[in-house]
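Enquirer: A single structure is presented below for examination.
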Amino acid sequence: MKDYIKVGKIINTHGIKGYIKCMPMTDDLERFEELEYVYTEKDNIKRVIDDVWYQKGMVYLKLRNIDDMNTAESYKDTYISILEDQLRELPEDSYYLFDLNGMDVYSSTGEYIGKISEIYQTGANDVYEVRNNKSSFLIPAIKDVVKLVNIQEKKMIIDVIEGLLEWNLK
């Protein structure tokens, strides 16, 4: 898909009327109520959202013209996306996960640490998995560690506190 931003992964169907169960890729579930439509990765079609509800951290959607369980099943393990103009304006010091993924990470002394390869949402704070050719590190997304995020340059500067880079995933 061209410049679409993934907002959820279809992980299953729900019921016989074509509802889909999505794992959200946003920390604001109610965001789906504001959307009038999404794009389906499977067929790259703009689909109107006819109904949305939530249960146990999952989003349940009824997309127009997906009206039975078999059709809904064919979308399993694909993504739903939005266009950039559907994004919300974020407060200062907040970033979209897709902006951070692949970002180069440097220490405050200029040492290259690696690229952000995964972002884990733990509840308390996000954790960035940063990989280089030799190792992987888990970096907490807290102000004591993350000192600068430059979206335009795809660059993050962190303060390497004691013990932060000693443990790795290899």
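Enquirer: When every alpha-carbon pair in region 58-132 is counted, what percent end up more than 21 Å apart?
Expert: 53 percent
Enquirer: Give, in nm to one decimal, the length gained when the segment between residue 33 and residue 84 is fully stretched (0.36 nm per residue of separation minus the Cα-Cα distance).
Expert: Separation in residues times 0.36 nm, less the Cα-Cα distance, equals 16.6 nm.
Enquirer: Further, regarding this structure: For the chain, set up a Gaussian network in which alpha carbons nearer than 10 Å are linked by springs, and say which option among 49, 16, 158 fluctuates the most.
Expert: 16
Enquirer: Next question, about the same structure. Pairs to check: 76/155; 17/46; 21/154; 6/143; 56/147. Give those whose C-alpha atoms are more than 31 Å from each other in this structure. Could you put the intermediate results ahead of the total?
Expert: Details: 76/155 34 Å; 17/46 19 Å; 21/154 33 Å; 6/143 27 Å; 56/147 34 Å.
Over 31 Å apart, Cα to Cα: 76/155; 21/154; 56/147.
Enquirer: Ignoring ligands, DNA and RNA, please state the percent of accessible area on the chain from carbon and sulfur, probe 1.4 Å.
Expert: 46 percent
Enquirer: Would you tally the net charge around residue 75, using a Cβ to Cβ cut-off of less than 9 Å, leaving residue 75 out, and scoring K and R as +1, D and E as -1?
Expert: -2
Enquirer: Here is a further query. Report the relative contact order of the chain, percent, no decimals, based on alpha-carbon pairs under 8 angstrom and at least 6 residues apart. Walk me through the numbers on the way to the answer.
Expert: Values: 326 pairs, mean separation 30.0, N = 170.
The value is 18 percent.
Enquirer: Taking the Cα centre of region 23-80 as origin and charging only Cβ (+1 Lys, Arg; -1 Asp, Glu), how large is the dipole, in debye to the nearest 20?
Expert: Charge dipole, region 23-80, about its Cα centre: 140 debye, nearest 20.
Enquirer: In whole Å and largest first, what semi-axes does the C-alpha gyration tensor of region 4-96 yield when each eigenvalue is scaled by 5 and square-rooted?
Expert: The three semi-axes for region 4-96 are 23, 14, 11 Å.
Enquirer: Considering the options 48, 87, 19, tell which one lies farthest towards the positive end of the dipole of region 1-97, charges being +1 on Lys and Arg and -1 on Asp and Glu at the Cβ, about the Cα centre.
Expert: 19
Enquirer: Mean residue ellipticity at 222 nm from the helices of the chain, using -39,500 (n - 2.57) per DSSP H segment of n ≥ 4 over the full residue count, to the nearest 500 deg cm²/dmol?
Expert: -1000 deg cm²/dmol
Enquirer: I need the calculated FRET efficiency for the pair residue 155 and residue 67, taking r as the beta carbon distance and R₀ as 30 Å, to the nearest 0.05.
Expert: For R0 = 30 Å, the calculated efficiency reads 0.05.
Enquirer: Among 128, 60, 112, which one shows the highest mean-square fluctuation when the chain is modelled as a Gaussian network with alpha-carbon springs under 10 Å?
Expert: 112
Enquirer: Antiparallel versus total DSSP beta bridges in the chain: what percent is that, nearest 5?
Expert: Taking every DSSP beta bridge within the chain, about 90 percent pair in antiparallel fashion.
Enquirer: Under a GNM of the chain (C-alpha, springs under 10 Å), which listed residue has the highest mean-square fluctuation: 85, 104, 68?
Expert: Between 85, 104, 68, it is 85 that shows the largest mean-square fluctuation.
Enquirer: Counting Lys and Arg as +1 and Asp and Glu as -1, each charge on the Cβ, what is the dipole of the chain about the Cα centre in debye, to the nearest 20?
Expert: 620 debye
Enquirer: Here is a follow-up. For the chain, compute Rh as the Kirkwood radius over C-alpha pairs and then the Stokes-Einstein diffusion coefficient at 20 °C and 1.002 mPa s; write the answer in µm²/s, rounded to an integer.
Expert: 121 µm²/s
Enquirer: What spacing in nm lies between the two simple spin-label points modelled at residue 77 and residue 120, each 7 Å away from Cα in the Cβ direction?
Expert: 2.5 nm
Enquirer: Have a look at 145, 119, 135 and report the one farthest towards the positive end of the charge dipole of region 72-170, computed about the Cα centre with Cβ charges (Lys/Arg +1, Asp/Glu -1).
Expert: My answer, from the dipole projection, is 135.
The values are calculated or read from the model by the stated rules, or taken from the named source; none is laboratory data. Given the structure is predicted, the values throughout are model-derived calculations rather than measurements. Virtual Cβ from ideal backbone geometry, glycine too; neighbours counted across all protein chains shown. Note: accessible area is taken over every heavy atom of the protein model, side chains too, but ligands, DNA and RNA are not part of it. Shrake-Rupley method; radii C 1.70, N 1.55, O 1.52, S 1.80 Å.
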